Amino acid sequence: MMRACLVALLSHWWRNPLQLFAFLAGLALATALWSGVQAINAEARASYDAAATTLGEGQYDQLVPRQGNAIAQDVYVGLRRAGWLVSPVIEGRLADVRLVGIDVLTAPGGLGAAEMDQAMAIADPEARALLFANAATARALEGVAEVQADPGVAPGVAVGDVGVVQRLLGRDDLSRLLVLPEQPMGRPDLASVAPQLRVQSSQQAADLEQLTDSFHLNLTAFGLLSFAVGLFIVHSTIGLAFEQRRGMIRTLRSLGVPLRLLTGVIIVEMLSLAFIAAAVGIFLGYLIAGLLLPDVAATLRGLYGAQISGTLELRAEWWLSGLLMSLLGTGAALAGRIWQIRRMPLLASVRPRAWAMAGAGRVRWLTIASVLLLGSAAVLGVVGSGLLAAFTLLAFLLVGAALALPVLAGVVLGLVQARTTAPVWNWFWADTRQQLPGLSLALMALLLAVSANIGVSTMVSSFRLTFTGFLDQRLAPELFIEVDSARQSTALEAYLSDQGLEVLPLLTASRQIEGQPARLFGLRVSPTYRDNWVFLAATPDAWDSVDAGSAVVVNEQLARRAGLWVGDVVNVAPELTLPIAAVVGDYGNPKGQVITSQAVFRDLYPDSYPAQFGVRSDNVPRLRQKIVEEVGLSENAMTNQAAVKAISMEVFERTFTVTQALNVLTLGVAGFAILTSLLTLADLRVPQLAPVWALGLTRRRLARLELLRAVALSLLVFICAVPLGLALAWVLLNIVNVEAFGWRLPMYLFPGDYIVLGGYAIVAALLAATWPALRLVRTPPATLLKVFANER
Amino acid sequence: MNVRLLLCLCLFPFAVMAQGFSGLGTDAEGFAKPRPDPVFRFPADHGPHPEYRIEWWYLTANLDGPDGTPYGLQWTLFRSALAPGEAEGWTSPQIWFAHAAVTTPEQHMATERFARGGIGQAGVEAAPFRAWIDDWTLEGPDFDTLTLRASGPDFSYDMSLSAEGPLVFHGAEGFSVKSAKGQASYYYSQPFFRIEGTLRLPETEVAVTGNAWLDREWSSQPLADTQSGWDWFSLAFKDGAKLMGFQLRQTDGSQYSAATWITADGTTTAYRDGAFAAKPLATSDVAGRAVPTEWRVLLPDRGVDVTVSALNPQAWMDLTIPYWEGPVRFSGSHEGRGYLEMTGYE
């Protein structure tokens, strides 16, 4: 009996391959986007973990030079001879790979590659240069050094013995020293043994994970959105399939199939199909992630300096989660239907329930749910804080608005219908209203996709506008110069002052300020700053007080994260607390900044010298040449403003490539949702169309009306999507961005973009409606006539 | 530090299987081998011999605090070569590591250091004598007057030593045979040090005085591949004589032993296999192992029949290469104190 039952149920899909395709494709797409995003996140997380184990990043305190980036080897030996347990590390770049050399004997346990003890082949008379790296990095180093593959090594890094790496880099010094956690008693303090070094605590390096967390949360949110849209398709397909099989189910039950067996078979059938769809989806997700990963990697590198692998690996966390999500989603959609089947009386009528679907109870339920969600969103907006609350607010806002759409559409269509008197048009609007429940899921999907597009594109464009203006301000000096030593610094400054140019020397150091990773700047207050910098909030003579050393300027990130603003005091150093004279915008910077005068900076760091200079000049090429000739700096030490601006803009663009790609995909999924809804509804529509056709409306006219309906509905959705999208943009700019990055962006509107987007939405709906319309045109009259003959 | 590092320290780079305790039984291919009838040149031979695989400067001391509390102290610098010879910089094939320990009746603290050769972090110079690794030093204008320093997370010491007797050579004029197959090392000692200084313990600082014994040994394959470890005794008798005796435990259950009897004026008598015997009397549960901490030591030729017992049975060196080393007392036919080292107890 089970077999017969199964065959009967499966025959439905055989006769309606389109529905099967819609179900499988919808679920596959949803799973693809979700698992793709999760794959990217999982890859990034694995890379951070690998970096921590291979290189001890975030685990150990380090000794780093106060100036420059090299430590003489004698300093290391001297420290050890004085009783400091430190371990040498040398770093450099070769063939675009980060080489790291450690000393296996002194390094803290677990550092380096697992096979690294073999590196004791330093004693090999042939002196092979042996490195350890994962497979991708090993390929990059082909011909340069001998590499042993070790998948546990962080991506983009090759690890080897100190001596080996020194030889490869052509250096004989070290980059930094790791401080082992256990130190002997009675050792002298650092200042007496190695005054040119300072301690960098492990906490500063561990912040990388915090900084990149928000980026990954953004990705996950997009994955969820896509999954939700895909689930809409699944829900509608399952619903329609059940509607059409009600007759079959009634027949099976009256033939004696037990209810339990029936529901069991249905569940098994649905979940198996879901499994197949999920498998396809995971494969697609792998492809999508593989395509997007290089851009994500570039973004993370440019924005945070984080290094993640450019190649994707199959990890259980993302494909398993994709599988579970799709099975759960299908299960959730199934549950309601199964419950209905169980309640269905054995001999219930199986007339098409097109009318019943438009029941008043449904409208009431939708209204209540929508009001609740929108209300919660508003409450969260007022009282909530933190990134999670912000995203929850977004979710409530989107879902609440989506649920309100059918209700709203019904009201609007009803109003329009009341105004029309011509019979065809009256019928047209009434028919549209009647179709609304069947199409509502697809329309909700379209609403979400279009508003997400509007919201994100508003945010991106506002950002681009603000960022360009910001870069113009901050990058006012035409030439940037970096020097290596104090001697070069004084020589350069002297030369430039002699030429009568406006010089902007910059003293900088990293330190923890107000409990966050931050940079302290000491600058010479000059007309360039006064003329170009625009503050978010400032006291009347902010620059004067900074110049006098009695106040500081902080960037927006530090101010927001520490809960400070103009007038409050900031703890710059243990003995130094200064009031904030102004808060400046600092877009795209994850770290805080505190800006003081040179005098204050020199008090904190007595031996520092300006290592960076900004120079105002009318003739940049000539100035560059003269500096090379007369001061003796290399060409590479100087960059002009245009180059810096281009790099900044490039980082910015790549940040949003990923979100743009996901946007496009989501819109595609929504369009597909409409198509499948219309196609699957087409069969149900025959009894509604037959009488109208019999009254004289040609099939061609009907088809044209179908297309018009699609346009009308998508236009309605678009009109609803615009305010929703703008609300989304506002939340993103003013709440999510502030929570995630610490700075607020002004919101600009781009009506032209929205109109174009509306056009795309309408075109998508039109395209989706074309095929069903064509099918309608080609419906043989006999089918339409049969409606009257075969009343069930 | 992981176990593989341990292996590679004693391993010839072309991956020969490690044998015996700490790989010391591995074949000495490529390295120089000790030969009978050695000729020692001092002070040069106080320094390192890079053509040999393994070498150490091994100091143990029995100390007394001002209130009579006995203490034990150890300072050992090991040189282990991956290949014969020396080179400058990181390519040097010499690996240096050191152990330092302090034993009180209640506590035993041990710590270790590792360093690469060739960069100046560790090394030994013969004249003036200087042996160092990190901030641990054993140095002086000559081998008879030395200062000793070491530090660990919970202890440190600062001592000065002066020799009150001549150097002593073990085995056949310094050629000390370890097995019937002929494995041997060059082995001499300075057992006549007078030592005094300060011990810094976790809670207190103690001024101590006592006697110290410095062993110098180098070879390329000190153990046969059938030997699993050894028990080494250095005993200082009340009348001024001293005894060095060791027995190597073979895998078939038998022993190979040797001993040196040292009179108070430094005259030595070497005893070959069979003359010296040490039988375990009682074991203690030390670091999860059953380790004999009470021994019966016999040297019938000199009428020695003593019971040797550990001052602190828990003197386990919980380091990358683990073994037992601690101060002992003995009584019976003679009385005195000394040091005991037991290796190879798993």
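The values are calculated or read from the model by the stated rules, or taken from the named source; none is laboratory data. All figures in this text were calculated on a predicted structure; none of them were measured in a lab. Heads up, the Cβs are rebuilt from the backbone with ideal geometry, glycines too, and the neighbour counts pull from every protein chain shown. Ligands, DNA and RNA are excluded from the accessible area calculation, which covers all protein heavy atoms including side chains. Shrake-Rupley method; radii C 1.70, N 1.55, O 1.52, S 1.80 Å.
Kindly evaluate B:Pro153 against the criterion of being farther than 20 Å from B:Ala315 by Cβ and surrounded by fewer than 19 Cβ atoms within 10 Å (Cβ to Cβ).
No: the conditions fail for B:Pro153.
Take the residues in region B:280-292 that are free of Cβ contacts under 8 Å to residues at least 24 places away in the same chain and under 19 Å from B:Gln107 (Cβ atoms); name whichever of them is least open to solvent (accessible area, probe 1.4 Å).
B:Gly288
Rundown of residues vs (1) among the β-branched types (Val, Ile, Thr); (2) in a strand (DSSP E or B), yes/no style:
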site	(1), (2)
B:Glu112	no, yes
B:Gly118	no, no
B:Val124	yes, yes
B:Asp154	no, no
B:Ser160	no, yes
B:Pro166	no, no
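Tell me, which residue of region A:161-176 that is in a helix (DSSP H, G or I) and surrounded by fewer than 20 Cβ atoms within 10 Å (Cβ to Cβ) is nearest to the other protein chains (Cβ to nearest Cβ)?
Out of the qualifying residues, it is A:Arg167.
Could you tell me whether region B:336-343 includes any residue that is surrounded by fewer than 18 Cβ atoms within 10 Å (Cβ to Cβ) and either touching a residue at least 24 places away in the same chain (Cβ under 8 Å) or hydrophobic (A, V, I, L, M, F, W, C) (or both)?
Looking through region B:336-343, none of the residues is surrounded by fewer than 18 Cβ atoms within 10 Å (Cβ to Cβ) and either touching a residue at least 24 places away in the same chain (Cβ under 8 Å) or hydrophobic (A, V, I, L, M, F, W, C) (or both).
I'd like to verify a number: residues in region A:177-209 that are charged (D, E, K, R) and modelled with pLDDT of 70 or more, how many?
4
Do any residues in region A:699-722 that are open to solvent by 30 Å² or more (accessible area, probe 1.4 Å) have Cβ atoms under 6 Å from those of residues that are assigned to a helix (DSSP H, G or I) and of a type in the set (Asp, Glu), where the two are at least six apart or on different chains, and which pairs are they?
Filtered contacts from region A:699-722: no entries.
In the list A:Leu749, A:Leu757, which residue meets the criterion of being on the phi < 0 side of the Ramachandran plot and part of a helix (DSSP H, G or I)?
Sole residue among the options that is on the phi < 0 side of the Ramachandran plot and part of a helix (DSSP H, G or I): A:Leu757.
Read through the list (1) farther than 30 Å from A:Ser489 by Cβ; (2) at pLDDT below 85; (3) exposed (fewer than 15 other Cβ atoms within 10 Å of the Cβ), then give the number of the only condition that A:Val658 fails.
Going through the list (1) farther than 30 Å from A:Ser489 by Cβ; (2) at pLDDT below 85; (3) exposed (fewer than 15 other Cβ atoms within 10 Å of the Cβ), A:Val658 breaks only (3).
Looking at region A:509-543 only, could you name the residues that are assigned to a strand (DSSP E or B), aliphatic (A, V, I, L, M) and either open to solvent by less than 20 Å² (accessible area, probe 1.4 Å) or modelled with pLDDT under 85 (or both)?
A:Ala509, A:Ile513, A:Ala518, A:Leu520, A:Leu523
Quick one: would you say A:Arg3 is without any contact (Cβ under 8 Å) to a residue 60 or more places away in the chain, within 25 Å of A:Ala768 (Cβ to Cβ), surrounded by fewer than 20 Cβ atoms within 10 Å (Cβ to Cβ) and of a type outside the set (A, V, I, L, M, F, W, C)?
no
For every residue, the table says whether it meets (1) open to solvent by 20 Å² or more (accessible area, probe 1.4 Å); (2) modelled with pLDDT under 80; (3) more than 24 Å from A:Leu479 (Cα to Cα).
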| site | (1), (2), (3) |
| --- | --- |
| A:Thr577 | yes, no, yes |
| A:Ile595 | no, no, no |
| A:Gln625 | yes, no, no |
| A:Ser634 | yes, yes, no |
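Could you please tell me which pairs satisfy a Cβ distance under 8 Å, a separation of 6+ or placement on different chains, a first residue in region B:175-196 that is surrounded by fewer than 18 Cβ atoms within 10 Å (Cβ to Cβ), and a second residue that is part of a strand (DSSP E or B) and polar (S, T, N, Q)?
B:Arg194/B:Ser162; B:Arg194/B:Thr209; B:Arg194/B:Asn211; B:Glu196/B:Ser160; B:Glu196/B:Thr209
Open to solvent by 20 Å² or more (accessible area, probe 1.4 Å), within 12 Å of another protein chain (Cβ to nearest Cβ) and in contact (Cβ under 8 Å) with a residue 40 or more places away in the chain: which single residue out of B:Glu112, B:Glu106 fits that description?
B:Glu112
Name the single residue that is surrounded by the most Cβ atoms within 10 Å (Cβ to Cβ) among those in region A:419-468 being of a type in the set (D, E, K, R) and touching a residue at least 40 places away in the same chain (Cβ under 8 Å).
Checked region A:419-468; the qualifying residue surrounded by the most Cβ atoms within 10 Å (Cβ to Cβ) is A:Asp431.
Quick check on my filter: what residues within region B:156-173 are more than 14 Å from every other protein chain (Cβ to nearest Cβ) and surrounded by 23 or more Cβ atoms within 10 Å (Cβ to Cβ)?
B:Met159, B:Leu161, B:His170, B:Gly171
Would you say B:Asp273 is more than 19 Å from B:Tyr58 (Cβ to Cβ) and part of a loop (DSSP other than H, G, I, E, B)?
yes
From the list B:Gly123, B:Gly118, B:Gly89, which one is within 12 Å of chain A (Cβ to nearest Cβ), under 19 Å from B:Ser219 (Cα atoms) and of a type in the set (Gly, Ala, Ser)?
Answer to the check: B:Gly123.
Being assigned to a strand (DSSP E or B), within 14 Å of another protein chain (Cβ to nearest Cβ), in contact (Cβ under 8 Å) with a residue 12 or more places away in the chain and open to solvent by 10 Å² or more (accessible area, probe 1.4 Å) is the filter here, so list the residues in region B:133-150 that pass it.
B:Thr137, B:Arg149
Please work out which one of (1) touching a Gly at 6+ places or on another chain (Cβ under 7 Å); (2) open to solvent by 20 Å² or more (accessible area, probe 1.4 Å); (3) assigned to a loop (DSSP other than H, G, I, E, B) is the condition A:Gly500 fails and give its number.
(1)
Looking at region A:574-601 only, could you name the residues that are within 17 Å of A:Asn555 (Cβ to Cβ) and among the polar types (S, T, N, Q)?
The answer is A:Asn589, A:Gln593, A:Thr596, A:Ser597.
Which members of region A:487-497 meet the condition of being in contact (Cβ under 8 Å) with a residue 12 or more places away in the chain and either open to solvent by 50 Å² or more (accessible area, probe 1.4 Å) or hydroxyl-bearing (Ser, Thr, Tyr) (or both)?
Of everything in region A:487-497, those that are in contact (Cβ under 8 Å) with a residue 12 or more places away in the chain and either open to solvent by 50 Å² or more (accessible area, probe 1.4 Å) or hydroxyl-bearing (Ser, Thr, Tyr) (or both) turn out to be A:Ser489, A:Thr490, A:Tyr495.
Please enumerate the residues belonging to region B:227-272 that are hydroxyl-bearing (Ser, Thr, Tyr) and in contact (Cβ under 8 Å) with a residue 60 or more places away in the chain.
Selection gives B:Ser228, B:Ser234, B:Tyr256, B:Thr260, B:Thr268.
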